[in-house]
Amino acid sequence: MKILHSLPAEDGYYMPAEFAPHSGCIMIFPHRRDSWQFGAYSARKAFAEVIRAISRSEKVIVCARYDDYDCAREMLPDCVRVIEMESDDAWARDVAPTFVTNGKTLRGIDWGFNAWGGLEDGLYFPWDKDNKMARKLCDALDIDTYDRRSFILEGGSIHTDGEGTVITTEACLLSKGRNPRLTKEKIEQQLKNNLGAKKIIWLPCGIYLDETNEHIDNICAFTAPAEVVLAWTDDPADPQYAMSQKCMEVLANTTDAKGRAITVHKLPLPKPVAITAEECSGLDNMNGEPTRTPGERLAASYVNFYIANGAVVCPQFGDDNDGRAVEILSELFPDREVVGVYARDILIGGGNIHCITQQIPQV
Ligand code: KQY
């Protein structure tokens, strides 16, 4: 594996869309007792269900810590490859490499990772094991990797159509805890240089109380070139209402890198989901403090789905809108089976199905 210091775009590399074919998917076996209730047992069951759904149409590689290897091997199907790797938590979207291609070869990007905001407003300390994962994964897969560790970025904060357009949120990428010395223009240039993008669409915000500083992958996602889904509520009393409206306004008044207007499909949100006292009692404290408080609203959204080769794996919350979300996604992805996975135990960790997956594009 070579460590590269050049720029992917100048080398002719770009990030393909998630809906383009994959050669596989990377995930991490959860273990953190202050993120996942009751020693991560229920989260492991939910992750395993996601893994089973994805592994029916693409290869899945799961990173497990030394102590968890046997458990992962026992819980996961034989077709899944389990490799031993240390991690601080289980968010492959944010800590695995972002893959780019020139159509013939695959390369990884090793961004800097500081647990969603470092000492400013990050979610745990230390994060050094997570920060090393992208490079280790490129090594394990024998893929050359771009050293971009000086620029803090998580995979969950970007979505691309693979045709020159990247969407992101200002709330996240301009947050103080990531790249405070870079202007918006400089950050935009980083996205263009590294992802091969020609146009960046900045949505102002994401999902209300999303602790990642409002990652794009919880509010808006490409389903096809010039088509996105946007998390939506019709309840003006919900703080999310104004946030989704503002995002809609941007999307309705912009074009993509190819000059096309963007069709926006509204994906209804579930009713607000709050963590219960019993669930909180299953979470260990972090540095003596609880990580969640009973009644705290969690950033639940159906947009946090994963597009596999043969399926779209979509979170379900036991809400009246679960079926409607599956229905809308089935219409948008007629060639894929939409598989709903009950994901409350993933949501408790602070993210969802998209956040725990990272696709490896097929070249
Ligand atoms: O949503 C994500 N991409 C990660 C969420 C991390 C939450 C940590 N508690």
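Some notes on this structure:
- Solvent-accessible area assigned to carbon and sulfur over the chain amounts to 47 percent, based on a 1.4 Å probe.
- Projected label points at residue 287 and residue 246, each 7 Å from Cα along the beta carbon direction, are separated by 2.8 nanometres.
- Taking label points 7 Å from Cα along the Cα-to-Cβ direction, residue 209 and residue 237 give a separation of 1.6 nm.
- Highest to lowest packing among 110-123, 287-300, scored as the average C-beta count within 10 Å: 110-123, 287-300
- Each of 222, 19 has its accessible area taken with a 1.4 Å probe; listed largest first, they run 19, 222.
- Per residue, the convex hull volume that the Cα atoms of the chain enclose (Å³): 125
- A Förster radius of 30 Å, combined with the Cβ-Cβ distance separating residue 176 from residue 324, puts the computed FRET efficiency at roughly 0.20.
- For the chain, adding -39500 (n - 2.57) for each run of n ≥ 4 DSSP H residues and dividing by the number of residues yields -7000 deg cm²/dmol at 222 nm.
- The chain: most fluctuating residue of 157, 175, 281 per GNM, C-alpha cutoff 10 Å: 281
- Long-range amide H partners of residue 337 with built H, under 5 Å: 311, 312
- Here is the list for the stretch 10-97: GluC sites (Glu not before Pro) lying in DSSP coil, each with at most 11 other C-beta atoms within 10 angstrom of its C-beta, are 10.
- Here is what passes the span test in the chain: the DSSP H helices with alpha carbon length of 15 Å or more along the helix axis and a Kyte-Doolittle mean of -0.5 or above are 41-55, 239-252, 322-332.
- For residue 274, residues with placed amide H under 5 Å, excluding near neighbours: 298
- Accessible area of the chain divided out per residue, in Å², using a probe of 1.4 angstrom: 39
- For the stretch 168-215, the alpha-carbon radius of gyration amounts to 1.14 times the rule-of-thumb value 2.2 N^0.38 Å expected for a compact globular protein.
- Violating pairs (Cα-Cα greater than 31 angstrom) within the set 198/246; 186/258; 45/246; 59/192; 2/258; 132/184: 45/246; 2/258
- Just so you know, the Rg over Rh for the stretch 86-219 is 0.94, from Cα atoms, with Rh as the Kirkwood radius.
- Beta bridges per DSSP with both ends in the stretch 3-361, % antiparallel, nearest 5: 40
- Considering only 11, 94, 256, the Gaussian network model of the chain with Cα springs below 10 Å gives its largest mean-square fluctuation to 11.
- In straight-distance terms, cross-link reach from residue 271 covers every one of the aspartates and glutamates whose alpha-carbon lies under 12 Å from its own, apart from those fewer than eight places away in the same chain; here that gives 234, 235, 238, 319, 320, 322.
The values are calculated or read from the model by the stated rules, or taken from the named source; none is laboratory data. Predicted, not measured: the structure shown is a model, and the values here were computed from it. Glycine gets a Cβ as well: all are built from the backbone with ideal geometry, and neighbour counts include every protein chain shown. Areas reflect the complete protein model, heavy atoms only, side chains present, ligands, DNA and RNA absent. Shrake-Rupley method; radii C 1.70, N 1.55, O 1.52, S 1.80 Å.
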